[in-house]
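The values are calculated or read from the model by the stated rules, or taken from the named source; none is laboratory data. Not measured: the values here are computed from a predicted model. Glycine also receives a Cβ, built like all others from the backbone with ideal geometry; neighbour counts cover every protein chain displayed.
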Amino acid sequence: MTSLLSENPNSYLIISVLIFSAGMFTVLTRKNILAIIMGIELMLNASALNFITFSFFRKSTLYSGHVFAILIIVLAAAEAVVALAILLAIFQQRKSVMTDDISDMKG
Amino acid sequence: MKDAIFILVAVFAVGGALLTAASQSIINAALGLLLSLISIAALYIFQSADFVAISQILVYVGGVMVLLLFSIMLSSGSTDFFKNNPAMKVFPALLIVVVFAGLAIYALFSANLTFYPGQYGPSTREIGNLFLKDYILVFELVSVLIVVMLVGAGVMLRKELVRKAVASDGDSKDEKENKK
Amino acid sequence: MINLIYMFVFSLVYLLLLALTAGILTYVERRIAGRMQSRIGPNRVGIQGILQFIADLIKGVQKEDIIPADAYAFLFKIAPYLVFMGVFLTLVPIPFGAYTLMEDLDVGIYYVLAMASYVVIGLMIGGWASNNKWSLLGGMRSAAQKISYEIPAALGVFIVVIMSGSMNFQKIVAAQGASPVDWFVFRNPFTFIAFNLFFIASLAEGNRVPFDIPEAESELVSGYNTEYSGMRFLFFFLAEWGNLVVIGALVTCMFFGGGSFWYEWKISIPAPGRDPIVFEVLGFLWFLFKTFFFVFVIIWIRWTLPRLRIDQLMDICWKYMVPIGLISSLGIVIWMYFIPENSTIDRIVRLTLTSLGAITVLYFKYRVYKNLKITKATIYANPFV
Amino acid sequence: MDQVAQYIWIIPAAPLAGFIINGLISFSWGAKSSDFHKKVSTIVSPLVILISFLVTLAVFIQMVQNPETNRIFSQNLYSWIKTGFIEANVNLVLDPLSIILVLIITGVGFFIHLYSVGYMDHDRSIIRYFAYLNLFTFAMLILVLGDNILLMFVGWEGVGLCSYLLIGFWYQNRNYAIAGMKAFLVNRVGDFAFIIGFFMLFWGIYHYEGVPTIAFSALKDVMGKMPEWYLTIVTLMFFIGATGKSAQIPLYIWLPDAMAGPTPVSALIHAATMVTAGVYMIARMSFLFIATPMTLTVISIIAAGTAFFAATIGIVQNDIKKVLAYSTVSQLGYMFLGMGTGVFTTGIFHLMTHAFFKGLLFLGAGSVILASHHEQDILLMGGLRKKIPITFITFLIGTLAIAGIPGLSGFFSKDEILWQTYITPNVYIPQLPHILWIIGLATAGITSFYMFRLLFLTFFGEFRGDEGALEEVHESPFIMTIPLMVLAVLSIFGGYIGMPEALGGSNHLHHWLSPVLSMKEAVEEHGAGHFQEYLFMGFSILVSLSGAALAYIFYILKPSIPKSIGSKISGLHQLVFNKYYIDELYHATFIKGTLGLRMLLNKFDQKIIDAFVNFVAVIVKAVSRVHGFFDRVVVDGLVNFVAAFTQYYSSVMQTWQSGMLNRYLYYILGSFIMAYVILRII
């Protein structure tokens, strides 16, 4: 293993863990749906970073990791579009985007 | 030198994520996310994944972030910049997140993975080949998904539909009579 | 380390050159506008008013940097830089000559498309942070417009990428040739459509008339930059005119053969006698000529056409350009499958399209001369008054 | 790999294409479909099966030419599931075992499709029918061709679905729809065991053998470390799955009811192909079953029981299709008896010959039913042989074949099973082979008896139906009699490929299959001469002929005997006639049990809760008459009490279902962390 941080896979993986944790924290604590969506995006990105890292450091001729990262990006975009469309539809009806205000389904 | 840039980028990536997690203002959270996303793209470039990096910028910065900003602007009042992203109980979340991160890092170091030094090189052609050979089914399914997503988002925000939903909340009798 | 310093110096040079070019372009635009509206335009500062832009710059720097009281100061400050960064970053992979480029990216065109998104973010943030209804509307319109028109632009690019088999600019230029017959724009009907799609979409992405809805002065005061003043205001304009150069350069690279020099193809100088530096310079000049021709066309369009309404704008994008782009990207694949390069049909089509283009240009020139003769307004054809 | 292997995908793809075409026609036009649509459907459906058949035939010819070591053709279509735990590909395999099944499915299936064109001609849902039939063929082919258990299970469930759809094809009739549901539910019991079995197998492979593969072809080589007790449970689970699909005790009850479907369906699905899926599955996983003598013993016992039991019921049935249905159950018992000996070729051999003659008998029965205008009761038939000669002759051939008359296919396969049963020693119960042999022989006699009874009652004697009905009896159209004739020829000569050496044959089938099946060494070459074998053949011939003779005496010479015997032992007769009251038994235990529980709860509700409510109501009423104020206090108090109680109770649960996304995420993460800690760290 080289001494360079940028050529050590563990540094990328730790960055990924930290970003994932930050995303998780966002989702756990925020009331605003938009912030929750942002947290989800962070988590997705952290996982995509993992894919790329493993693809690069485990077997660099195998580009499947890239394919999965791209799939994550595309699906995240699709997810964001649908989520935001739902959000705007909710906002049009309820004038609020806080999760407290739309918890009608609770027991 | 390379490491210096790497550390800078890493700090931006994690710092952006932390800003997203901790900010009291939704727009600042969005900016943190933007910073984090761009830095992650830079991390991709460090790993010679230029196509993915550019895709990341194109889709996230050009698409998702713009949509997010749109939604922020459409949904929150534009005057209250600094307190429109309230948080709930922070302590249990912090606890669980720290435990999770600790476990993940523990798992990382206890897994005993063997790594090889990465090789640098262009990836676009290989990704294209993979998409059109091994992952063709996934590729087609994703395109179907995107079409469904487009149609779905369009339908969801149709004016009449929203109005109808609002109307049916109150009184559905009128509609039935109208139908007759 | 050396490499890094080299890159830094090089990009500084680029930055200065872009700023200078954009400044000169503001002057050029005003001169051309003057000619088109039967007036003279700036001619006081310097010879023929050539230093007008420096005067404007000084004035802009001197002015107070106003930040509105209810604005979100941080975002308000960074928005112009984001916009400028988005435009400047697109210059990285564009080859002004075989060696005159910052970085030969493997994903060149894709990169250019991606960088445009910074502009969108910048405009939106700027509009929102101003805390002004007009600015907000302008910013959102701009974002909607740019995102929408990115699709036809990307489809045009897609066709070029299919034709050349690469996203690298050097390879795209190399896939074309020096003579007009080899340019992508005249290769076949679909590439011609692609050129139109890309050019029109680029106009829209650059917020140029007839697509300048975001800043529409008459309805939104001035759109997203209403609240800006002084240097920050100038940055928006720097970005706008810098963008003209970028559009011109992109169109030249992708459809008009880039800097491939005519004589390389035409005159057979013996190989040892070829001086690479000479050819590099000639190619660079040839490239700049083409680029500025398109910049002129864009300015010309601006002062000729009226502005579109927002719904017409969206209709043009989604109802016409996107379907046309999709159909022609299907068509190009079929075309390439059935008609191999340099087959008889291919040559006939190329020649026909090239000659049609030439005839159009010549006829247009004839019309201009005729009109000038009839109106006896030859004074407006003279650049120096 | 041979050139021809790359066309294997066509075999399942063609019926799928047929299904899609028919399905689209049916879906788009349905009831409005015109003659043109019908014509398209009736041409396309048999055609696609014919395509499959021809491709299979091409592969078969190639396979025969290849040397023994090179007879496995496989085509990998798609990498389906790929985890560290299991790896499953959509991999189609044609080897000597599966090609026999595929030839039967496509060959017999083609003729049954052809027959259906005539049989279903006047049904208005014929397009839907063909869509289902093609889908069934597709699913069955996937079942047979699949190279791993998961893919096989896809086909397994697919045929179950089609069976359900086709049994309830005339869903307007409530009984038929219920029969379909019954088949589906009973199958579900078996399938559940099957699922448990293969999950256990996956786990076992992962745990003991440490390889992720589940492909049959690869499994054979990696097996070995799994302990026998574990394997026994797995194979028993698989066998329970097989009893569901292949109608063995105790899950056979759906098959007789499945006769509600159109007759060609009974021929194809409930006689020739689907019900033999269990036999095929055991043969496919022979390497597992051979390692578990306990399971084989269980299979033998249950199979012999089923064979005998169903045959006795068959004696007294009066519905032509029901007789054949019980006969099918009985013959399936035979096949499993063959499988239980551990010499799996015998079961496969009988499967093949049974497909021919039982398909023939069902189609013949369909022809009879159509000829006599949807009359199925054999007591109302008789003397039909002159009216429908082709049907009669072919039916006669089928009867002779199933009864085990020498020279026809059934004789060889049945005899082989009996012989192997007798000579294969059992490690647990030494006397078992002899007992099983006696049961098998008795079953053969009974089979012969009831089949000839059916034949005599249907075709001989006087017509017993309504006056004038005989005049309208007419021979079926050409398109229906051709399949009959083809299958009759196959029923006669199909047995010769497995003719034992004792009779001068060379048992091609055994040599053909033995490379792909792991099985006990057949005692074929045991050199003490064939005397014993001849003796046993003699026994079975004798028993078959005596069964036939008995039927002749009972139903031709002295038709009064059956009635007198029936009245003498009326108790037994009633018992058998009502199928040993098994359906009633199931009804009394499982269904009544459930219903009883419901009744109990209902009683509880009525007697105690309602009484309490009524009591409260009465009191309140009485009190309210006394004073309005008091009334309000009591009623409101009660209501408030209930509300408060509910509120208190729900407040406990409410904290869990808060409607807040964050909380839910807490649960997810908390459980994740706990699971990780438990699994990895502790």
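Considering each of C:Ala22, C:Ala33, C:Ala79, C:Ala69 in turn, give the residue that is within 14 Å of another protein chain (Cβ to nearest Cβ) and part of a helix (DSSP H, G or I).
Within the list C:Ala22, C:Ala33, C:Ala79, C:Ala69, the selection yields C:Ala79.
On the basis of being more than 20 Å from D:Pro433 (Cβ to Cβ), of a type in the set (A, V, I, L, M) and assigned by TED's automatic domain parsing to the domain that holds D:Leu513, does D:Val343 make the cut?
Spelling it out, it is not the case that D:Val343 is more than 20 Å from D:Pro433 (Cβ to Cβ), of a type in the set (A, V, I, L, M) and assigned by TED's automatic domain parsing to the domain that holds D:Leu513.
Could you list all residues from the stretch C:114-135 that are assigned to a helix (DSSP H, G or I), surrounded by fewer than 22 Cβ atoms within 10 Å (Cβ to Cβ) and within 10 Å of chain B (Cβ to nearest Cβ)?
Matches in the stretch C:114-135: C:Lys133 only.
Residues of the stretch D:48-76 being aliphatic (A, V, I, L, M) and within 24 Å of D:Phe110 (Cβ to Cβ), which ones?
Those that are aliphatic (A, V, I, L, M) and within 24 Å of D:Phe110 (Cβ to Cβ): D:Val48, D:Ile49, D:Leu50, D:Ile51, D:Leu54, D:Val55, D:Leu57, D:Ala58, D:Val59, D:Ile61, D:Met63, D:Val64.
I'd like to know if the stretch D:176-187 contains one or more residues that are in contact with a Pro (Cβ under 8 Å, 6 or more places away or on another chain) and either among the aliphatic types (A, V, I, L, M) or part of a helix (DSSP H, G or I) (or both).
Looking for residues that are in contact with a Pro (Cβ under 8 Å, 6 or more places away or on another chain) and either among the aliphatic types (A, V, I, L, M) or part of a helix (DSSP H, G or I) (or both), one finds none in the stretch D:176-187, hence no.
For the stretch C:91-113, indicate whether the set of residues that are assigned to a loop (DSSP other than H, G, I, E, B) and outside the structural domain of C:Thr226 (by TED's automatic domain parsing) is non-empty.
no
Out of all the residues in the stretch C:355-367, is one or more touching a residue at least 60 places away in the same chain (Cβ under 8 Å) and among the basic types (Lys, Arg)?
no
So, D:Val64, is that one among the β-branched types (Val, Ile, Thr) and assigned to a helix (DSSP H, G or I) or not?
It is true that D:Val64 is among the β-branched types (Val, Ile, Thr) and assigned to a helix (DSSP H, G or I).
Identify all residues within the stretch B:8-50 that are at the interface with chain A (Cβ under 7 Å from one of its Cβ atoms), under 26 Å from B:Pro122 (Cα atoms) and at pLDDT 90 or above; write none if there are none.
Across the stretch B:8-50, the qualifying residues are B:Ala10, B:Ala13, B:Ser36, B:Leu37, B:Ile40, B:Leu43, B:Tyr44.
Out of everything in the stretch B:121-143 that is within 9 Å of another protein chain (Cβ to nearest Cβ) and β-branched (Val, Ile, Thr), what residue ends up being surrounded by the most Cβ atoms within 10 Å (Cβ to Cβ)?
Per the criteria, the residue is B:Ile127.
Residue under question is D:Ile43, and the condition is that it be without any contact (Cβ under 8 Å) to a residue 24 or more places away in the chain and either out of contact with any Phe, Trp or Tyr (no Cβ under 8 Å at 6 or more places or on another chain) or not acidic (Asp, Glu) (or both); does it hold?
Yes, satisfied.
Can you tell me how many residues in the stretch A:1-46 are modelled with pLDDT of 90 or more, of a type in the set (D, E, K, R) and surrounded by fewer than 22 Cβ atoms within 10 Å (Cβ to Cβ)?
0
Is it true that C:Met163 is at the interface with chain B (Cβ under 9 Å from one of its Cβ atoms) and of a type outside the set (Ser, Thr, Tyr)?
When the stated conditions are applied, C:Met163 does not pass them.
Residues checked against (1) modelled with pLDDT under 85; (2) assigned by TED's automatic domain parsing to the domain that holds C:Leu244; (3) under 25 Å from C:Glu240 (Cα atoms); (4) within 21 Å of the chain's Cα centre (by Cα):
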{"position": "C:Ile147", "(1), (2), (3), (4)": "yes, yes, yes, yes"}
{"position": "C:Gly156", "(1), (2), (3), (4)": "no, yes, yes, yes"}
{"position": "C:Ile162", "(1), (2), (3), (4)": "no, yes, no, no"}
{"position": "C:Asp182", "(1), (2), (3), (4)": "yes, yes, no, no"}
{"position": "C:Phe195", "(1), (2), (3), (4)": "no, yes, yes, yes"}
{"position": "C:Ser202", "(1), (2), (3), (4)": "no, yes, yes, yes"}
{"position": "C:Asn207", "(1), (2), (3), (4)": "yes, yes, yes, yes"}
{"position": "C:Asp212", "(1), (2), (3), (4)": "yes, yes, yes, yes"}
{"position": "C:Ala216", "(1), (2), (3), (4)": "yes, yes, yes, yes"}
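Could you tell me which numbered condition C:Ile310 fails, if it satisfies all but one of (1) farther than 25 Å from C:Gly257 by Cα; (2) of a type in the set (Val, Ile, Thr); (3) modelled with pLDDT of 90 or more?
(3)
Yes or no: D:Phe641 part of a helix (DSSP H, G or I), away from chain A (no Cβ under 14 Å), modelled with pLDDT of 80 or more and more than 30 Å from A:Ile37 (Cβ to Cβ)?
yes
Might you let me know whether the stretch D:186-200 holds any residue that is more than 28 Å from D:Asn89 (Cβ to Cβ) and at pLDDT below 90?
yes
Quick one: is B:Val98 closer than 30 Å to D:Tyr667 by Cα and more than 14 Å from chain C (Cβ to nearest Cβ)?
Yes.
Might you check whether a residue that is buried (at least 18 other Cβ atoms within 10 Å of the Cβ) and either aromatic (Phe, Trp, Tyr) or touching a helix residue (DSSP H, G or I) at 6+ places or on another chain (Cβ under 6 Å) (or both) occurs anywhere in the stretch C:2-18?
Yes, the stretch C:2-18 has at least one match.
Assess whether B:Phe70 counts as being closer than 15 Å to A:Ile14 by Cβ, within 14 Å of chain C (Cβ to nearest Cβ) and not in a loop (DSSP other than H, G, I, E, B).
Taking the combined requirement at face value, the residue does not satisfy it.
All but one of (1) surrounded by fewer than 13 Cβ atoms within 10 Å (Cβ to Cβ); (2) under 34 Å from the mean Cα position of the chain (by Cα); (3) assigned by TED's automatic domain parsing to the domain that holds D:Pro406 hold for D:Ser560, so report the exception by its number.
Unmet condition: (2).
For D:Ser570, only one of the following conditions fails: (1) of a type in the set (Gly, Ala, Ser); (2) within 49 Å of the chain's Cα centre (by Cα); (3) within 14 Å of chain A (Cβ to nearest Cβ). What is its number?
Failing condition for D:Ser570: (3).
Quick one: in the stretch D:461-485, of everything that is assigned to a helix (DSSP H, G or I) and more than 35 Å from the chain's Cα centre (by Cα), which residue is nearest to D:Pro46 (Cα to Cα)?
Here the answer is D:Glu472.
Could you please give the count of residues in the stretch C:297-335 that are out of contact with any Pro (no Cβ under 9 Å at 6 or more places or on another chain) and either in the same structural domain as C:Ala33 (by TED's automatic domain parsing) or of a type in the set (Lys, Arg) (or both)?
Qualifying residue count, the stretch C:297-335: 2.
Sort out which residues of the stretch D:1-22 are surrounded by fewer than 18 Cβ atoms within 10 Å (Cβ to Cβ) and either among the polar types (S, T, N, Q) or not in a helix (DSSP H, G or I) (or both), and write them in order of number.
D:Met1, D:Asp2, D:Gln3, D:Gln6, D:Trp9
When both residues are 6+ apart or on different chains and their Cβ atoms are under 8 Å apart, which pairs have a first residue that lies in the stretch B:4-32 and is farther than 21 Å from C:Tyr118 by Cα, and a second that is polar (S, T, N, Q) and outside any helix (DSSP H, G or I)?
B:Ser23/B:Asn85; B:Gln24/B:Asn85; B:Ser25/B:Asn84; B:Ser25/B:Asn85
Can you confirm whether the stretch B:136-152 contains a residue that is in a helix (DSSP H, G or I), over 30 Å from A:Ala89 (Cα atoms) and in contact with a His (Cβ under 6 Å, 6 or more places away or on another chain)?
No, the stretch B:136-152 contains no residue that is in a helix (DSSP H, G or I), over 30 Å from A:Ala89 (Cα atoms) and in contact with a His (Cβ under 6 Å, 6 or more places away or on another chain).
Out of all the residues in the stretch D:543-564, which are touching a helix residue (DSSP H, G or I) at 6+ places or on another chain (Cβ under 8 Å) and farther than 16 Å from D:Thr447 by Cβ?
Of everything in the stretch D:543-564, those that are touching a helix residue (DSSP H, G or I) at 6+ places or on another chain (Cβ under 8 Å) and farther than 16 Å from D:Thr447 by Cβ turn out to be D:Ile553, D:Ile556, D:Ile561, D:Pro562.
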